[in-house]
Structure formats: structure tokens, C-alpha cells
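Below: one structure, written as C-alpha cells.
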Amino acid sequence: MSEAPAGVGLQAILRLRMGTHDAHYGGQLVDGARMLALFGDVATEPLIRLDGDEGLFRAYDMVEFLAPVFAGDYIEVQGTITHIGNTSRKMTFEARKVIRAQPEVSASAAEVLEPPIVVCRAQGTCVTPKDKQRRPA
């Protein structure tokens with residue numbers, strides 16, 4: 001069995017609460033573009049660990065919106081490097097709802113979701129230009 005190249009499998013995880021400022025539609029529904037912005041944020045850490053530079057997001061190859069997200073929900077976002085090219089770094093992303101707000105119960109009610117609900121998945125490519133790569137020792 002061959003080993004993965006150094007850096008493949010590097011990942012980062014963010015967890016944050018969606019606020020009313022994230023709600024874009026009626027019923028406090030959060031715009032799907034917010035998940036994509038979070039994927040861009042979570043991509044930065046593995047790129048810094050690999051290249052010593054935050055790199056640039058080049059393109060999404062696939063995006064799936066799987067469940068709604070509302071203000072008050074807690075979202076956990078994970079990004080993992082899956083392939084390393086000369087300057088490109090392919091990554092997979094997943095956003096999971098780990099806590100669901102329950103405004104129908106009370107303004108401050110919430111429940112922990114076991115298991116979490118996958119709300120969005122994506123695959124994309126980030127690029128770290130050669131002149132910016134400073135691989136940590």
C-alpha cells in the first residue's frame with residue numbers, strides 16, 4: 001500500500017453559530033452562499049500548513065446543498081486536502097448542522113443533533129502560486 005504524498009489529508013474544522021445577519025430569506029433561512037464562504041475560510045488553514053501561504057480559491061468542481069440552515073443553527077465546516085499538484089491543491093468540504101435552533105419552542109431553545117445533518121458538500125481547487133510557496137520545514 002502506497003503512502004499519500006505529504007500534505008494530503010491535512011484538514012481544518014470551523015464551528016460557528018449562524019446569526020440573524022446571516023439570514024437572507026424569509027423564515028430566517030441562511031443563503032447557501034454563506035456555506036461557500038465558510039468553505040473558503042476553512043481552506044485557508046491547511047494551505048498555510050502546507051505552503052506557508054493562504055493561497056487562492058480557484059474553482060468549485062461540485063457543490064450540493066442538502067438541507068436548510070437557519071439563523072441560530074450551529075454549523076461545523078471541514079475542509080481536507082485530497083490531492084497536491086504543482087500549484088493546485090484539490091480539496092473536499094462538508095458543512096454539518098450540529099445544533100438546531102428551536103424557535104417554535106422558545107426564542108432560546110436549541111437541540112444537539114446526533115448525528116449531525118450534512119447541509120452542504122463541495123469539491124474545489126485552490127492554488128498557491130510557486131513564488132508564494134514556502135513549505136514549512
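If the requirement is being part of a strand (DSSP E or B), in contact with a Leu (Cβ under 7 Å, 6 or more places away or on another chain) and more than 22 Å from residue 8 (Cα to Cα), which of these qualifies: 118, 112?
Criteria check complete, one pass: 118.
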Just for segment 89-137: of the residues that are under 23 Å from residue 31 (Cβ atoms) and out of contact with any strand residue (DSSP E or B) (no Cβ under 7 Å at 6 or more places or on another chain), which one is modelled with the lowest pLDDT?
-> 107
Within segment 84-109, work out how many residues are in a loop (DSSP other than H, G, I, E, B) and either in contact (Cβ under 8 Å) with a residue 60 or more places away in the chain or within 16 Å of residue 57 (Cβ to Cβ) (or both).
-> 3
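So that you can scan it fast, the table gives a plain yes or no per residue for (1) more than 22 Å from residue 84 (Cβ to Cβ); (2) loosely packed, with under 14 Cβ neighbours inside 10 Å; (3) touching a helix residue (DSSP H, G or I) at 6+ places or on another chain (Cβ under 8 Å):
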residue	(1), (2), (3)
13	no, yes, yes
27	yes, yes, no
46	no, no, no
49	no, no, no
70	yes, no, yes
Of all the residues that make up segment 1-60, how many are assigned to a helix (DSSP H, G or I) and over 18 Å from the mean Cα position of the chain (by Cα)?
-> 6
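The values are calculated or read from the model by the stated rules, or taken from the named source; none is laboratory data. Source: prediction; values computed, not measured. All Cβ positions, even for glycine, are placed from backbone atoms using ideal geometry, and neighbour counts span all protein chains on display.
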